[in-house]
1. Find the relative contact order for chain B and round it to a whole percent, using C-alpha pairs within less than 8 Å whose residues are 6+ positions apart.
2. Can you compute the equivalent ellipsoid semi-axes for the stretch A:80-287, i.e. the square root of 5 times each eigenvalue of the Cα gyration tensor, sorted largest first and rounded to whole Å?
3. Would you mind calculating the relative contact order of the stretch A:80-287 from Cα pairs under 8 angstrom and at least 6 residues apart, reporting the percent as a whole number?
4. Amide H to amide H under 5 Å from B:Ser251: which residues, 5+ apart in sequence or cross-chain, H placed 1.01 Å off N in plane?
5. B:His40's amide H: which non-local residues (gap 5+, or another chain) put their own amide H closer than 5 Å, with H modeled 1.01 Å from N in plane and none for Pro or chain starts?
6. With a 10 Å cut-off between alpha carbons and a GNM built on chain A, which of A:Ala234, A:Ala171, A:Ala100 moves the most?
7. Taking chain A as a Gaussian network, where each spring joins two C-alpha atoms under 10 Å apart, which residue of A:Ala190, A:Ala262, A:Ala112 fluctuates the most?
8. Just need log10 I(q)/I(0) for chain B at q = 0.13, 0.16 Å⁻¹, Debye formula, equal scatterers on the alpha-carbon atoms, no solvent, rounded to two decimals.
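Nothing in this text is a laboratory measurement; each read-out follows from the coordinates by a stated rule. Just so it is clear, the model here is predicted, and its values are computed rather than measured.
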Amino acid sequence: MSSPVAPPAHRVISAAYPRPYGGKALGVHAILVAYALIAILPVLLIAMNSFKTRAAIFTTPYLPPLPGLVSLVGYETMFERAHFARYFVNSAVVAGSAMALILLLGAMAGFALAEYRFRGNAWVGLYLALGIMIPIRLGTVSILRIMSDLRLVNTLFALILVYAAQGLPLAVFILQQFMRQVPRDLKDAARIDGMSEYRIFWLVLPLVRPAVATVAVFTMIPIWNDLWFPLILAPGEATKTVTLGAQQFIGQFISDWNSMLASLTLAMVPVLAAYMVFSRSLIRGLTTGALK
Amino acid sequence: MRPRLRRVPLHIIVFILPAAAIYTAFMIYPLFDSLRLSLHGNPEGGGVVFVGLQNYARLVADSLYAPRFWGAVRHNLIFFAIHMLVQNPVGLLLAALLSARRLPGLAVYRTLLFAPTVLSFVIVGFIWQLILSPLWGIAGGLLRAAGLGAHFRPWLGLEGSALVTLSLISVWQFVGIPLMLFHAALIGIPDDLLEAARVDGATGWRAFWGIEFPLILPVVGLVAILTYVGNFNAFDLIYTAQGALAGPNFSTDILGTFFYRTFFGFQLQLGNPFMGATVAGVMFLLILAGVLPYLFVWQRRIEVHEL
């Protein structure tokens, strides 16, 4: 497609789309800045006011926590009353384990579907892809029955299994497409060297690292943020996730503005911090067609 | 003896079985088992018996369920319509602006515009509850500053405006998804195509609708179906902001909250797993009614066009 000396496609400076200039550029930036403010100001407003005194929250909501306006009373109440550290560990265990299962098992199945021609290959692929479009929540009545038969209600294991089932279809689908692009020669050379098929899988896996990272981020966000399954399968105090804990805690403190703002901020920070760290690979994943 | 089928080699089974087993046990089986349960009931509180489509008949006609059910369907359609009319056009507009080649600050814009999308519904619900609260007065204060103070209402608390307000909150959160998908498609259009268009005299607005938009039509379909499935499966935001009763006076009740109440019960009404499964069955049919035409009509036609 391109000659060897051509720069990578995304670096091509196009004459068809000259860099916006003058009034037009100003207009473009005005709209983008305006929308960026709409997207980010509500979040900032909450975070900023969580560090202020009750009076300052109401009288000067737009000021940052300047000296004299600062109060950490919301955070103090919260650490006394809620077990956010425990909720956080629960969420981390659930999301971490589910993600490990999704990535490993998804990569294995994706590898097999991409690599081997066998009876029913297409049907297995289609079967595993069904779950991309059908929400797992619709099976909740039965999932609760199964979990209670297995005595897994109010355990983190129940959540891990359900989230693994929820995340696998998309993971298999995306990883399979990336595994297809790994050059044949490499695998054939390994086979000639007498490597087993399992060893070849571990050889191929690091080569699709960008796809694995994309799948990881895409499966992590909905698991971390889910309210439905924690509410139904693991509402007990010992197994609450951050999302459920925040929902119930803030619901109780609806008139204690300091605690409400503090717990909201604390619930947002890990997600936004992780997002800032991974946003480049997340957005690259989205924009390089991992989902197409 | 029948001739044996050629066996699938063991390592293929080892690779596929674990994923297939978890997926089958906790997703596919529950979906079908739930559909089966929707055809059963325990009328006198005795044993479970097959009741055919009786549960579905109760859902659409019985005075205990039908008003809430049809209300939830109607609200869900409004919820979806607002996403299609606001979220996706705004996402397309922002994506078109972002996709101008060599836009300064692109990375910063992308990061900021997508940020609300990674937050949970729970956080988003509370953030907006606080901002729209007459007690804190942020929304009211901003309107007053713009000289529109008289137009402020406690929108989340009024029957007439609560559903639209919640839909817009959901739009605020999820505009990042269509934005990124459209953006990805737009920057994927080969430069020489646009160059050719420019030489032919098509620029700006005309080039966008005449050349780029038709080229990203497959993504328009994808965005529409993702919005549809997401909306008919929504629950968390309404539950967080308005509670399980989806107040005021059920005006924000959608299928997700109706499903939750039917299954678990609320206040005086006892939960009923069979009726819960029936609501899930209807949601399943509604989602299929969107997904199947997408897969078999839209995608095929679009593929033909691409060739």
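1. Relative contact order of chain B: 24 percent.
2. Gyration-tensor ellipsoid for the stretch A:80-287: 37, 20, 14 Å.
3. Details: 182 pairs, mean separation 64.8, N = 208.
Computed over the stretch A:80-287, the figure is 31 percent.
4. It is none; the list stays empty.
5. Counting only residues 5 or more places away or on other chains, the set is B:Val51.
6. Largest GNM mean-square fluctuation: A:Ala100.
7. A:Ala190
8. Log10 I(q)/I(0), no solvent term: -1.10, -1.31.
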